Amino acid sequence: MVTQNLSTAMNAKILGSGQETLVLAHGFGADQSIWDKILPYLADRYQVVVFDWCFSGAVKDPGLYDAAKYSTYDAFADDLICLLEEMKVNFSVFVGHSMSGMIGCIASIKRPDLFHKLILVATSPR
């Protein structure tokens, strides 16, 4: 795992103050900025978590990504679970774009208590 806390390493932040928590996860080749256009509208009604996966160009420490470790989605799912635990997020609505949709599915099987709903946007089964 990382020496700094995961939320800092993954540029995670919480915006808004609603009763329900949305977790927005970007797909491969992107970063959390893909949500910028809709984030103000969501933050008006929800508490919103955004972050960058370790492969994102927005992550400052390139040493976070280990090709062997992240050769399956399980490692990403474990990072998601650790991130949600660290940020004290539970019973969330997870919105996963592209590969993040499958990561969310795996994480929700491992820790169903952290997820209320899954919204999969253009998710691939691989």
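The values are calculated or read from the model by the stated rules, or taken from the named source; none is laboratory data. Everything numeric here is computed off the predicted structure, so don't read it as measured data. Cβ: placed from backbone, ideal geometry, glycine included. Neighbour counts: every protein chain shown. Note: accessible area is taken over every heavy atom of the protein model, side chains too, but ligands, DNA and RNA are not part of it. Shrake-Rupley method; radii C 1.70, N 1.55, O 1.52, S 1.80 Å.
Brief remarks follow.
- Contacts under 6 angstrom Cβ, first residue in the stretch 101-125 being farther than 18 Å from His26 by Cβ, partner in a helix (DSSP H, G or I) and open to solvent by less than 40 Å² (accessible area, probe 1.4 Å), 6 or more apart: Arg111/Ile81; Leu114/Leu84
- Residue pairs meeting the criteria (Cβ under 7 Å; at least 6 apart or on separate chains; first over 20 Å from Leu84 (Cβ atoms), in the stretch 49-69; second charged (D, E, K, R)): Gly57/Asp31
- Test result for Leu64, crowded, with 20+ Cβ neighbours inside 10 Å and farther than 19 Å from Leu114 by Cβ: yes
Per-residue answers, yes or no, for (1) farther than 24 Å from Ala122 by Cα; (2) modelled with pLDDT of 95 or more; (3) under 11 Å from the mean Cα position of the chain (by Cα):
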site: Met1; (1), (2), (3): yes, no, no
site: Leu6; (1), (2), (3): yes, no, no
site: Gly18; (1), (2), (3): yes, no, no
site: Thr21; (1), (2), (3): no, yes, no
site: His26; (1), (2), (3): no, yes, yes
site: Lys37; (1), (2), (3): no, yes, no
site: Asp52; (1), (2), (3): no, yes, yes
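- Output for the stretch 23-40, where each listed residue is closer than 17 Å to Asp79 by Cα and either open to solvent by less than 70 Å² (accessible area, probe 1.4 Å) or of a type in the set (S, T, N, Q) (or both): Val23, Leu24, Ala25, His26, Gly27, Asp31, Gln32
- Pairing residues of the stretch 10-35 that are within 16 Å of Ile119 (Cβ to Cβ) with residues that are modelled with pLDDT under 95 and in a helix (DSSP H, G or I), at Cβ distances under 6 Å and at least 6 apart in sequence or on separate chains, gives no pairs at all.
- Just one of the listed residues (Ala75, Ala107, Ala43) is farther than 25 Å from Gln19 by Cα and either open to solvent by less than 80 Å² (accessible area, probe 1.4 Å) or β-branched (Val, Ile, Thr) (or both), namely Ala75.
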